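Asks: Quick one: the structure is below, and I'll ask about it shortly.
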Amino acid sequence: MLWKEKYKIGIEKVDQQHKEIFNRLNNFLNVVRNDEEMKSKLEEIEKTLDFMGQYVVVHFDSEEKVQQEYNYPHYEEHKEVHDRFKEEIINFKQEFEADKYNEDLVMEFSGRLLTWLINHVADEDQKIADYIQK
Amino acid sequence: MTTDYIEPIFTATNKVLNNILQLKEIKQGPTAVTEELIATKKVNISIGITGDLEGAIIFSFPEEMALKIVREMSGMEIKEIDKFVTSAVGELGNIICGNALTTLSQNDYCCDITPPQVIIGIDNKISLASEEISIMPLETNFGEFDVNIGLCNC
Ligand SMILES: [Fe+2]
């Protein structure tokens, strides 16, 4: 999962946070998809989920603050998308805790996360950049 | 029967794939109409639609294209269709339909989508509630795929 320059929205702090999320998720995918047994992956999966749970909240807050500063007209919708995503991570964490050796569950979540995140950063967050530049 | 919802679906497909995969261009082939959908491609993602339009939109990708999409997104070596791949491609379908519904809601079609279902295999008959299915073939530098639209505004 690679960070691309075109994902930048032009706000240094937010861009750094996006990069960090991409890097972490990239490591996570490498762990999830290696050929080793589920047992040896558990620790890393839990670590990443904890990180994502916390860092994503911090990042979304920063991004939402930028939107408010610039009076971004789609703030409410965007916040709703963020809130739904935070909820999904919490839900998955619970599901995972209850069924730790279920590899399909982790694969299913990771695939969805991958596409979701790229689309969010490459499309929905870009709309903030477009607005700010205007 | 009006099919004014087809163009917004194409536009959304085009937009989302361009954003995520940096596709150069998506060529839209002539849309065919059928009463029965038989899978001609291996990875089929079905998104159910409810509301003013009822039915499903099915994205049909050849195996190699599905793998290529997930390789491009993840930057990882992906050799076979597994849960990770179908889930990533399923989410792609989900996002495309979400985008299409936003446009359609401006045209007074108020709809909801249901989570993606994955149907793997060629020659399977894919049952759809609608009587007519529009098959929209699309050509990209990632391969050729179909968007099958089985919707009814009755
Ligand atoms: Fe965002």
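The values are calculated or read from the model by the stated rules, or taken from the named source; none is laboratory data. Note that the structure is a prediction, hence the values are computed from the model and not measured. FYI the Cβ positions are ideal-geometry reconstructions off the backbone, even for glycines, and counts take in every protein chain you see. Please note that ligands, DNA and RNA were not included when accessible areas were found on the heavy atoms of the full protein model with its side chains. Shrake-Rupley method; radii C 1.70, N 1.55, O 1.52, S 1.80 Å.
Asks: Out of (1) open to solvent by 60 Å² or more (accessible area, probe 1.4 Å); (2) away from chain B (no Cβ under 14 Å); (3) over 16 Å from residue A:120 (Cβ atoms); (4) within 17 Å of the chain's Cα centre (by Cα), the odd one out for residue A:61 is which?
Replies: (3)
Asks: Ok, one more. Give me the pairs: first residue in the range A:27-41 and more than 10 Å from chain B (Cβ to nearest Cβ), second residue open to solvent by 80 Å² or more (accessible area, probe 1.4 Å) and in a loop (DSSP other than H, G, I, E, B), beta-carbon distance under 6 Å, and six or more apart or on different chains, which are they?
Replies: Sorted first by the residue in the range A:27-41, then by its partner, the pairs are A:38/A:101.
Asks: With the condition kept exactly as written, say whether any residue in the range B:72-87 is assigned to a helix (DSSP H, G or I), in contact (Cβ under 8 Å) with a residue 60 or more places away in the chain and not polar (S, T, N, Q).
Replies: yes
Asks: As an exercise: evaluate residue A:126 against (1) more than 14 Å from every other protein chain (Cβ to nearest Cβ); (2) surrounded by 15 or more Cβ atoms within 10 Å (Cβ to Cβ); (3) assigned to a helix (DSSP H, G or I) and give the number of the one condition it does not meet.
Replies: All conditions pass for residue A:126, except number (1).
Asks: Would you pick out the residues in the range A:76-101 that are over 18 Å from the mean Cα position of the chain (by Cα) and either within 14 Å of the ligand (Cβ to nearest atom) or open to solvent by less than 80 Å² (accessible area, probe 1.4 Å) (or both)?
Replies: Of everything in the range A:76-101, those that are over 18 Å from the mean Cα position of the chain (by Cα) and either within 14 Å of the ligand (Cβ to nearest atom) or open to solvent by less than 80 Å² (accessible area, probe 1.4 Å) (or both) turn out to be A:76, A:99, A:100.
Asks: Applying the selection to the range A:1-26, what residues are more than 12 Å from chain B (Cβ to nearest Cβ), of a type in the set (A, V, I, L, M) and under 13 Å from the mean Cα position of the chain (by Cα)?
Replies: Those that are more than 12 Å from chain B (Cβ to nearest Cβ), of a type in the set (A, V, I, L, M) and under 13 Å from the mean Cα position of the chain (by Cα): A:14, A:21.
Asks: With the condition kept exactly as written, say whether any residue in the range A:38-52 is surrounded by 15 or more Cβ atoms within 10 Å (Cβ to Cβ) and within 16 Å of the ligand (Cβ to nearest atom).
Replies: yes
Asks: While we're here: Which condition number in (1) within 14 Å of the ligand (Cβ to nearest atom); (2) charged (D, E, K, R); (3) modelled with pLDDT under 95 is the one that residue A:134 fails?
Replies: Residue A:134 satisfies all of (1) within 14 Å of the ligand (Cβ to nearest atom); (2) charged (D, E, K, R); (3) modelled with pLDDT under 95 except (1).
Asks: Is at least one residue of the range A:70-82 within 12 Å of another protein chain (Cβ to nearest Cβ), more than 17 Å from residue A:42 (Cβ to Cβ) and free of Cβ contacts under 8 Å to residues at least 24 places away in the same chain?
Replies: Yes, that holds for at least one residue.
Asks: Test residue B:42 against the criterion of being within 14 Å of chain A (Cβ to nearest Cβ), at pLDDT 95 or above and open to solvent by 60 Å² or more (accessible area, probe 1.4 Å), and give yes or no.
Replies: no
Asks: Can you pull out every residue in the range B:45-77 that is buried (at least 20 other Cβ atoms within 10 Å of the Cβ) and farther than 29 Å from residue B:152 by Cα?
Replies: Correct list: B:67, B:69, B:70, B:73, B:74.
Asks: Would you pick out the residues in the range A:107-123 that are more than 14 Å from the ligand (Cβ to nearest atom), open to solvent by 10 Å² or more (accessible area, probe 1.4 Å) and not hydrophobic (A, V, I, L, M, F, W, C)?
Replies: A:108, A:112
Asks: Within the range B:88-132, how many residues are open to solvent by less than 20 Å² (accessible area, probe 1.4 Å), more than 14 Å from every other protein chain (Cβ to nearest Cβ) and either over 18 Å from residue B:149 (Cβ atoms) or without any contact (Cβ under 8 Å) to a residue 40 or more places away in the chain (or both)?
Replies: Qualifying residue count, the range B:88-132: 1.
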